[in-house]
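Participant: What follows is a single structure, and I will ask about it in a moment.
The values are calculated or read from the model by the stated rules, or taken from the named source; none is laboratory data. Here the structure is a predicted model, which means the values were calculated and not measured. Backbone-built Cβ (ideal geometry, glycine too); neighbour counts: all protein chains shown.
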Amino acid sequence: MHNRNNITDKIFWVGTNDRRTTLFENYWPLPKGVAYNSYVILDEKIAIVDTVEKGTMDEYLDNITEVLDGRKADYLVINHMEPDHSGSIRSLVERYPDMKIVGNKKTFPMLERFYGIKENLLEVKEGDLIDLGKHKLNFYMVPMLHWPETMVTFETTQGILFSGDAFGAFGTLDGGIFDDELDLDYLDEEISRYYSNIVGKYGRPTQNALKKLAGLEIKMICATHGPIWRSHVADIIAKYDKWSQFKTDEGCVIVYSSMYGNTEKMADNIARQLVKKGIKKVRIHDSSKTHPSYIINDIFKYRGVILGSCAYNGDVFPTMETLINELEHMAIKDHVLGVFGSKSWGGGGLKRLNKFAEEIKWETIEATPEALCAPNSADFDACEALAEGMASRLKELYK
Ligand code: FEO
């Protein structure tokens with residue numbers, strides 16, 4: 001029984017750690033890996049809650065075999081159909097053909113289209129209950145957290161919320177599964193990066209879900225990624241509440257695109273002026289080096305955002321284009337924006353950033369320096385005006 005990971009005496013973690021995949025959703029970097037969490041509830045009836053990504057399926061099926069110890073699963077609860085959790089459903093169905101698949105009316109069309117499964121379905125609606133014996137499962141719909149079909153499952157007798165992606169994190173579960181067994185300082189960035197990258201677009205649905213679940217007495221949160229929360233339940237809920245309202249701290253993220261260092265010089269100058277004007281939390285990123293994942297994560301932390309780009313073939317630099325497309329796509333709200341750039345003749349970088357400023361509808365700083373070839377002292381004065389505008393606005397907002 002070496003693989004058994006008890007959550008309670010009858011509930012088990014049967015998930016897997018993935019240290020091999022480099023990009024989550026084939027886009028977001030995974031320097032510390034990711035865990036796919038699945039759970040088994042052993043009772044008169046046995047329920048499995050969610051599955052794992054197919055790449056780690058063999059290990060997963062071994063975990064299930066060990067915990068079920070010759071018994072058969074009665075229910076498979078599908079809280080969320082994204083394939084990082086639904087990827088092993090077909091194998092489970094082959095293994096337990098009589099198992100009822102529990103989902104809602106939006107789950108099943110996806111189940112059929114992804115996996116061709118359309119039998120043994122048990123549809124649940126908001127507030128429905130499944131009685132396993134001692135354990136009782138209640139279901140709550142949380143659409144767009146993270147897909148339209150997403151729901152959460154609440155085990156009422158012990159106050160355990162099986163929350164799907166909500167309250168999840170990047171990072172594998174190294175040696176422990178609970179928040180109080182793991183090094184949360186080490187995982188801190190992976191917790192916020194998971195929120196900002198994966199859930200961040202869905203601030204309003206997250207707020208709706210938090211309101212809906214507020215009345216439940218939640219003692220433990222079993223998400224589909226990251227630690228099981230039992231000692232820091234209130235903390236992780238408070239973080240989600242803050243993040244999903246796009247609440248940020250005093251600070252400024254500067255991102256620049258620079259081919260030969262001239263736009264970079266302007267970024268450094270702006271940063272220096274910001275610090276001199278009392279803004280301590282300044283983060284500078286080179287858009288060609290740092291994946292948008294990390295930049296977006298910083299933007300979810302700090303109110304100020306300053307973007308600078310050289311001109312490139314009459315437009316903005318390609319890696320800045322990627323970043324601003326991503327910011328527009330994620331519809332991040334409530335920031336103060338400054339833009340700057342450089343050009344050697346016709347320009348284009350700053351022009352595109354100004355267009356971005358109009359589209360994203362953030363509050364903007366008036367000064368928009370643009371150097372010709374290399375920045376001169378007038379350009380640095382303009383950089384200082386930009387920094388001054390940003391610093392005084394931030395000070396006003398956080399006084
Ligand atoms: Fe972890 Fe939206 O899947």
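Participant: Within segment 124-143, is even one residue under 27 Å from residue 296 (Cβ atoms) and within 16 Å of the ligand (Cβ to nearest atom)? Please lay out each step first, then the result.
Facilitator: Applying the first criterion (under 27 Å from residue 296 (Cβ atoms)) to segment 124-143 yields 142-143.
When the remaining residues are screened for being within 16 Å of the ligand (Cβ to nearest atom), the result is 142-143.
Yes, the conditions are met somewhere in segment 124-143.
Every residue, every condition in (1) closer than 25 Å to residue 28 by Cβ; (2) of a type in the set (D, E, K, R); (3) at pLDDT 95 or above, yes or no:
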residue	(1), (2), (3)
81	yes, no, yes
86	yes, no, yes
118	no, yes, yes
132	no, no, yes
151	yes, no, yes
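Participant: Residues of segment 234-262 being in contact with a strand residue (DSSP E or B) (Cβ under 6 Å, 6 or more places away or on another chain) and in a helix (DSSP H, G or I), which ones?
Facilitator: 236, 262
Participant: Select from segment 146-177 the residues that are without any contact (Cβ under 8 Å) to a residue 60 or more places away in the chain and away from the ligand (no atom under 16 Å from the Cβ) and list them in ascending order.
Facilitator: Listed by number, the residues that qualify are 156, 157, 175, 176.
Participant: From 253, 233, 199, which residue is within 16 Å of the ligand (Cβ to nearest atom), among the β-branched types (Val, Ile, Thr) and at pLDDT 95 or above? So that I can check it myself, show each step before the final result.
Facilitator: On the way: 253 fails: within 16 Å of the ligand (Cβ to nearest atom); 233 fails: within 16 Å of the ligand (Cβ to nearest atom).
Exactly one residue qualifies, and that residue is 199.
Participant: Do any residues in segment 86-98 that are buried (at least 20 other Cβ atoms within 10 Å of the Cβ) have Cβ atoms under 6 Å from those of residues that are among the aromatic types (Phe, Trp, Tyr) and at pLDDT 95 or above, where the two are at least six apart or on different chains, and which pairs are they?
Facilitator: 88/60; 89/115
Participant: Here is a follow-up. Considering (1) among the small types (Gly, Ala, Ser); (2) touching a helix residue (DSSP H, G or I) at 6+ places or on another chain (Cβ under 8 Å); (3) more than 20 Å from residue 141 (Cβ to Cβ); (4) buried (at least 20 other Cβ atoms within 10 Å of the Cβ), say which one residue 35 fails and leave the rest.
Facilitator: Going through (1) among the small types (Gly, Ala, Ser); (2) touching a helix residue (DSSP H, G or I) at 6+ places or on another chain (Cβ under 8 Å); (3) more than 20 Å from residue 141 (Cβ to Cβ); (4) buried (at least 20 other Cβ atoms within 10 Å of the Cβ) one by one, residue 35 breaks only (2).
Participant: Using the structure shown, decide if residue 377 is of a type in the set (Gly, Ala, Ser) and in contact (Cβ under 8 Å) with a residue 24 or more places away in the chain.
Facilitator: On the way: of a type in the set (Gly, Ala, Ser): yes; in contact (Cβ under 8 Å) with a residue 24 or more places away in the chain: no.
Spelling it out, it is not the case that residue 377 is of a type in the set (Gly, Ala, Ser) and in contact (Cβ under 8 Å) with a residue 24 or more places away in the chain.
Participant: In this structure, does residue 90 turn out to be away from the ligand (no atom under 16 Å from the Cβ) and touching a helix residue (DSSP H, G or I) at 6+ places or on another chain (Cβ under 7 Å)? Before you say what the answer is, go through the steps one by one.
Facilitator: On the way: away from the ligand (no atom under 16 Å from the Cβ): yes; touching a helix residue (DSSP H, G or I) at 6+ places or on another chain (Cβ under 7 Å): yes.
Yes; evaluated as a whole, the condition is true for this residue.
This table checks each residue for (1) outside any loop (DSSP other than H, G, I, E, B); (2) over 21 Å from the mean Cα position of the chain (by Cα); (3) within 21 Å of residue 166 (Cα to Cα).
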residue	(1), (2), (3)
60	yes, yes, no
63	yes, yes, no
71	no, yes, no
76	yes, yes, yes
79	no, no, yes
85	yes, no, yes
